[in-house]
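K.L.:
Quick one: structure below, then a few questions.
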Amino acid sequence: MRTEGDSWDIQTSVGSTALFVAAARMLGGRADDAPAHDEFAQLFMRAAGGEWVELLEGRLAEHPLLTPDFGVPFQQHQIARTRYFDDYVSAATESGVRQVVILAAGLDSRAYRLAWPDGTVIYELDRPQVLEFKRDTLAEAGRKPRAERHEVAVDLREDWPKTLRDSGFDATAPTAWLVEGLLIYLTPDAQDRLFEAIASLSAPGSRVAIEQMDPLPEESVTAMTEDRDATDAAEWVGMIYNEPRTDSVDWFTARGWTGDRINLTDYISRLGGTPVVDGPHQQSLINLVTACRP
Ligand SMILES: C[S@@+](CC[C@H](N)C(=O)[O-])C[C@H]1O[C@@H](n2cnc3c(N)ncnc32)[C@H](O)[C@@H]1O
């Protein structure tokens, strides 16, 4: 169960979800024709050791990320969302935005993986131990970011805008914000405060891309918590705030931004895939959202 002000590193609680989704990106992006590829994910898996190396090297026959009913649709979800946010930042930089803020960056490798125009500055926000693992892993592998990159060690439930400004963030310049795989780990109130902070730091021409998930139905929560073979699922349910929350398109459009959403299942179809509508991973609960401040 989560508690106010709880903390973690890359192997524990919410921090371990960064490793889990990076591994899903590795698996989901292996095919040449996958919608996106993340060649950095395997570096993190190797550095994390244990089950992650076994999974990487194909020595595990059983793992939550390999099951047909949860793991395979989850890989499909992760690689589709990677593509959505990759395209989002490309569109932002093509339109001239040069400041990017990745909230809850985790093991997001975009600063290293994507080609950025000269002058792009990227701020990556997460808990200090998560950023430390990422820094050490990439330094050890001799990898260098392809844009100016700043780590900002914060708790996104606290006063992170001050730390962001102190790190050099320019609130007068348009910004592209990324909120991928974060909101379910915040209470609905903390989410609203996060949106307030984003809006207050956004100059005209800014935009935000958000992954938003509707609450899991009660029967799914019960099934996940009572299934003795699915301890990972039960642990994950204990990490999220499975509560109704503000709709992000409504929140930003009420403040004069334009907003656009696509359901994950429709997005997967658009990419040429076949979405999975039934089973324990409910892709239809997820929406990918972009909002722009005129
Ligand atoms: C599922 S991972 C997503 C990471 C990355 N955005 C991605 O999609 O690969 C969730 C991340 O949110 C971060 N996170 C969750 N709550 C946070 C908080 N209150 N402050 C800072 N980081 C937080 C975790 O440390 C973790 O890296």
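K.L.:
Stretched out fully, how many nm does the piece from Asp87 to His63 gain, at 0.36 nm a residue minus the Cα gap?
P.N.:
5.6 nm
K.L.:
Given labels modelled 7 Å from the Cα in the Cβ direction, how far is it in nm from Asp118 to Asp250?
P.N.:
About 4.7 nm separates the two model spin labels.
K.L.:
Just want to confirm a number: the relative contact order over the stretch 159-229, from Cα pairs under 8 angstrom separated by 6+ residues, in percent.
P.N.:
Value for the stretch 159-229: 41 percent.
K.L.:
Moving to a separate point now. What's the extension gain from Ala223 to Glu54 if we count 0.36 nm per residue and subtract their Cα-Cα distance?
P.N.:
58.0 nm
K.L.:
With each run of n ≥ 4 DSSP H residues scored as -39500 (n - 2.57), what mean residue ellipticity at 222 nm is computed for the chain after dividing by its residue count and rounding to the nearest 500 deg cm²/dmol?
P.N.:
About -12000 deg cm²/dmol.
K.L.:
Give me P(r) over the stretch 120-243, computed from all C-alpha to C-alpha distances, binned every 5 Å, as integer percentages.
P.N.:
Taking all Cα pairs of the stretch 120-243, the binned fractions are 2, 9, 15, 19, 17, 14, 12, 7, 5, 1, 0 percent.
K.L.:
Separate question: Over the chain, what percent of the accessible surface lies on carbon and sulfur atoms, probe 1.4 Å?
P.N.:
Answer for the chain: carbon and sulfur cover 49 percent of the accessible area.
K.L.:
Treating only the Cβ of Lys, Arg, Asp and Glu as charged (+1, +1, -1, -1), what charge dipole size does the stretch 45-159 show about its Cα centre? Round to the nearest 20 debye.
P.N.:
Roughly 360 debye, rounded to the nearest 20.
K.L.:
Right, something else. Per residue, how large is the accessible surface of the chain? Use a 1.4 angstrom probe and give square angstrom.
P.N.:
Numbers: 13040 Å² over 294 residues.
Accessible area per residue: 44 Å².
K.L.:
Using a simple charge model, +1 on the beta-carbon of Lys and Arg, -1 on the beta-carbon of Asp and Glu, nothing else, what dipole does the chain show about its Cα centre, in debye to the nearest 20?
P.N.:
1100
K.L.:
May I ask which residue of Ala197, Ser269, His150 lies farthest towards the positive end of the charge dipole of the stretch 73-292, with charges of +1 (Lys, Arg) and -1 (Asp, Glu) on Cβ and the Cα centre as origin?
P.N.:
His150
K.L.:
Mind checking Rg over Rh on the stretch 1-156, alpha carbons, Kirkwood formula for Rh?
P.N.:
Result for the stretch 1-156 is an Rg/Rh of 0.96.
K.L.:
Hey, rough spin-label estimate for Met213 and Arg46, points 7 angstrom out along Cα→Cβ, what's it come to in nanometres?
P.N.:
Label-label distance for Met213 and Arg46, simple model: 3.0 nm.
K.L.:
Follow-up question, since we're still on this one. In the stretch 73-292, with Lys and Arg counted as +1 and Asp and Glu as -1 at Cβ, which of these residues, Val179, Tyr241, Tyr123, has the Cα nearest the positive end of the dipole, that is, farthest along it?
P.N.:
Positive-most Cα among the choices belongs to Tyr123.
K.L.:
Tell me which of Ala92, Gln283, Gln212 sits at the most positive position along the dipole axis of the stretch 73-292, charges placed on C-beta atoms (Lys, Arg +1; Asp, Glu -1).
P.N.:
Working it through, the farthest residue towards the positive pole turns out to be Ala92.
K.L.:
Then there's this: Tell me the volume per residue, in Å³, of the convex hull enclosing the alpha carbons of the chain.
P.N.:
Value for the chain: 127 Å³ per residue.
K.L.:
Here's another thing I want to ask about it. Out of residues 5 or more away from Arg149 or on other chains, whose amide H comes under 5 Å of its own, with H placed 1.01 Å from N in the peptide plane?
P.N.:
Ile122
K.L.:
Continuing with this model, one more query. Please work out the FRET efficiency for the pair Ala171 and Asp136, using the Cβ-Cβ distance as r and a Förster radius of 30 Å; give the result to the nearest 0.05.
P.N.:
Efficiency for this residue pair is about 0.45.
The values are calculated or read from the model by the stated rules, or taken from the named source; none is laboratory data. Source: prediction; values computed, not measured. Note that each Cβ is placed from the backbone with ideal geometry, even for glycine, and that neighbours are counted across all protein chains shown. For accessibility, only protein heavy atoms count, side chains too; no ligands or nucleic acids. Shrake-Rupley method; radii C 1.70, N 1.55, O 1.52, S 1.80 Å.
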